[in-house]
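Student: Would you mind keeping the following structure in view while I ask a few things?
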Amino acid sequence: MAAKKKSKTSEGTPSQPTEPLSRLLRLPSGPVDMAALDPAATHGYPGVGKDDAPALTEALAPELSDLQERLYANGRSEPEQAPSVLVLLQGMDTSGKGGVIRHAMGMVDPQGIQLTSFKAPTKEELSHHYLWRIRRALPRPGMIGIFDRSQYEDVLVVRVDQLVPVSEWSGRYDEINAFERKVVESGTTVIKCFLHVSFEEQKQRLADRLASPEKYWKYNPKDVDARAKWPAYQQAYADALERCNTEHAPWFVIPSDRKWYRNWAVAQLLREHLVGLDIGWPEATFDVADEQTRVAES
């Protein structure tokens, strides 16, 4: 299905990006310099600032809803042939994985969503290969899967906290690439989003959580422990981004210091990928004219 023409918000601001985000936010191949990735950038944003963001994000909702319903309908009608989509959200604590799920992914019908949050592995999960729990959570045909963290934890926290030997985690990059290739070849579009937040912004968000009783539930003392390992995490992310930035499953770097931009960007990125699938409505498996007559006469 072709992309719709650029629409306007109620204020007259174009609602589509200046260029496709799937191009602007795609990580180039080659070495990754984390310091060169601006976490406060607003690539492709058609508005003039934060005030435009609610209207711009909401303007995506009708098309996102339509595209997602087409995907879901095909999954129900032709599960053997229907595609699926996997949105993978990876980032440091406070980067906004939960915010993206609420504000960006929340614009589509929840019955078409499969959400999985990967916490520390359970005893059962640890008894299996590290990709076992990932495979079990892959989206079914017609569904949009969302991973809050992912297989990359096994080359990030596992590496930084030295939970397995270097010889073990260092071989996982190629294994993850091969796994993702099979996922894509099976009919799943993979959208890998690195939510890039700065060291300073993370500190402010942690302080904000401690400043209000309504946000205490979001605070985890272990997040401060992780801040002490920031350089190690940055190197681990740089290696994961570089070594697993493939043609079939590229990384998209989402600047996340500005929450309003982050949410809009992920929603727009999802829209672009769904449009690219060119999904039509399933054909009727019955004689429409006959059924119209039967309904009229019933």
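Student: In Å², and per residue, what accessible area does the chain have when probed at 1.4 Å with the other protein chains present?
Tutor: Counting only protein heavy atoms, the per-residue value for the chain is 51 Å².
Student: Right, another one. I'd like the antiparallel share, as a percent to the nearest 5, of DSSP beta bridges with both residues in the chain.
Tutor: Bridges in the chain are about 10 percent antiparallel.
Student: Right, next: Using square roots of five times the C-alpha gyration tensor eigenvalues, list the equivalent-ellipsoid semi-axes of the chain in whole Å, biggest first.
Tutor: Rounded to whole Å, the semi-axes are 34, 25, 18.
Student: Further, regarding this structure: Among 252-262, 217-227, how do they line up from the highest to the lowest mean number of other beta-carbon atoms within 10 Å?
Tutor: Order by mean packing, descending: 252-262, 217-227.
Student: Something else now. With a Förster radius of 22 Å, plug the Cβ-Cβ distance of residue 162 and residue 129 into 1/(1 + (r/R0)^6) and report the FRET value to the nearest 0.05.
Tutor: With a Förster radius of 22 Å, E is 0.65.
Student: Continuing with the same structure: Classify segment 16-163 as rounded, prolate or oblate, taking a ≥ b ≥ c as the square roots of the eigenvalues of its Cα gyration tensor: rounded when a/c is under 1.5, otherwise prolate if a/b is larger than b/c and oblate if not.
Tutor: oblate
Student: To the nearest 10 degrees, how steep is helix 61-77 against the longest Cα principal axis of the chain, on a 0 to 90 scale?
Tutor: Here the helix axis deviates by roughly 70 degrees.
Student: Which value at 222 nm does the chain reach when only helices count, each DSSP H run of 4 or more adding -39,500 (n - 2.57), with the total divided by all residues and rounded to the nearest 500 deg cm²/dmol?
Tutor: -12000 deg cm²/dmol
Student: Same structure, new question: Could you work out the per residue convex hull volume over the alpha carbons of segment 77-174, in cubic angstrom?
Tutor: Numbers: hull volume 12.0 nm³, N = 98.
Cα-based convex hull of segment 77-174, divided per residue, equals 123 Å³.
Student: Could I ask something else about it? Once amide H atoms are placed 1.01 Å from N in the peptide plane, what residues at a sequence separation of 5 or more from residue 78, or on another chain, have their amide H within under 5 Å of its amide H?
Tutor: Counting only residues 5 or more places away or on other chains, the set is empty.
Student: Could I ask something else about it? Taking only Cα atoms, what is the 0 to 90° angle, nearest 10, from helix 288-297's long axis to the longest principal axis of the chain?
Tutor: On a 0 to 90 degree scale, this one is about 70.
Student: With the full set of protein chains in place, find how many percent of the accessible area of the chain is carbon and sulfur; take the probe as 1.4 Å. Please report the intermediate quantities before stating the final value.
Tutor: Values: 7770 of 15260 Å².
On the chain, the fraction of accessible area on carbon and sulfur atoms equals 51 percent.
Student: Could you tell me which of rounded, prolate or oblate describes segment 30-73, using a ≥ b ≥ c as the square roots of the eigenvalues of the alpha-carbon gyration tensor, with rounded for a/c under 1.5 and, failing that, prolate when a/b is larger than b/c and oblate otherwise?
Tutor: The shape class here is oblate.
Student: Across segment 32-42, in residue order, what do the Karplus-derived ³J(HN,Hα) couplings come to in whole Hz, using 6.51 cos²θ - 1.76 cosθ + 1.60 with θ = phi - 60° and x for Gly and Pro?
Tutor: 10, 9, 4, 5, 8, 8, 7, x, 10, 5, 9
Student: Return an integer: the convex hull volume of the alpha-carbon atoms of segment 180-298, in Å³ per residue. Kindly include the intermediate steps, with their values, before the conclusion.
Tutor: Working: hull volume 25.1 nm³, N = 119.
For segment 180-298, the hull spanned by Cα atoms encloses 211 Å³ per residue.
Student: When all protein chains stay in place, what accessible area (Å², nearest 10, 1.4 Å probe) is found for residue 97?
Tutor: Looks like 20 Å² after rounding.
Student: How tilted is helix 172-185 with respect to the longest principal axis of the chain? Cα atoms for both, answer in degrees (0 to 90, nearest 10).
Tutor: 0
Student: Please list, in order along segment 222-233, the HN-Hα scalar couplings obtained from phi with the Karplus expression 6.51 cos²θ - 1.76 cosθ + 1.60 (θ = phi - 60°), rounded to whole Hz, x for Gly and Pro.
Tutor: My calculation for segment 222-233 gives 5, 5, 5, 4, 5, 4, 5, 9, 3, x, 5, 5 Hz in order.
The values are calculated or read from the model by the stated rules, or taken from the named source; none is laboratory data. Just so we're clear, the structure is a prediction, and the values are computed from it rather than from any experiment. Cβ coordinates were reconstructed from backbone atoms using ideal geometry, including for glycine residues, and neighbour counts include every protein chain displayed. In case anyone asks, the SASA skips ligands and DNA or RNA and just uses the protein heavy atoms, side chains included. Shrake-Rupley method; radii C 1.70, N 1.55, O 1.52, S 1.80 Å.
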